[in-house]
Amino acid sequence: MSTAIVLLTLGLAGAVPGGWVALNVRGSAASLERWADGNAQLRMHARGDLGPVERRLSARLYRVLGTVMALGGCVIILGGLLELA
C-alpha cells in the first residue's frame, strides 16, 4: 500500500470529524458539551456528591479543538497529495 493512500485516508479521517465539530454541524459541539456534563454528573453521583456539576469543557473549546483537528487533517492530506506528485 502506498504511503500517499495512507496519508490521504488518515487526513480525511481527521479533517472530516474535526470540521464537523468546528463548524458545529447539527449542534455537534453543543451535544459534546451536554455529553461531558452528563458524564461529570454521573461521576459525582457515584462518589456521593450531589452538588452542582462544575463545567470543565464548553462548546466553544470543543469547536477550537475541532478546528485544530481539522487543520491537522488538512496538513496530512497535503502531505499525501505531495507524496502522489
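The values are calculated or read from the model by the stated rules, or taken from the named source; none is laboratory data. Predicted model only: the values in this text are computed from it and were never measured. Backbone-built Cβ (ideal geometry, glycine too); neighbour counts: all protein chains shown. Accessible surface is based on the protein model in full, side chains and every heavy atom, while ligands, DNA and RNA are left aside. Shrake-Rupley method; radii C 1.70, N 1.55, O 1.52, S 1.80 Å.
Per-structure values
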item	result
Flag for GLY51 being at negative phi and surrounded by 12 or more Cβ atoms within 10 Å (Cβ to Cβ)	no
Segment 6-42: number of residues that are over 12 Å from ILE77 (Cβ atoms), surrounded by fewer than 18 Cβ atoms within 10 Å (Cβ to Cβ) and β-branched (Val, Ile, Thr)	1
Single residue of GLY66, GLY18, GLY27, GLY72 found to be in a helix (DSSP H, G or I) and touching a Phe, Trp or Tyr at 6+ places or on another chain (Cβ under 9 Å)	GLY66
The listed residue being open to solvent by less than 60 Å² (accessible area, probe 1.4 Å), under 30 Å from GLU83 (Cβ atoms) and hydroxyl-bearing (Ser, Thr, Tyr), out of SER58, SER2	SER2
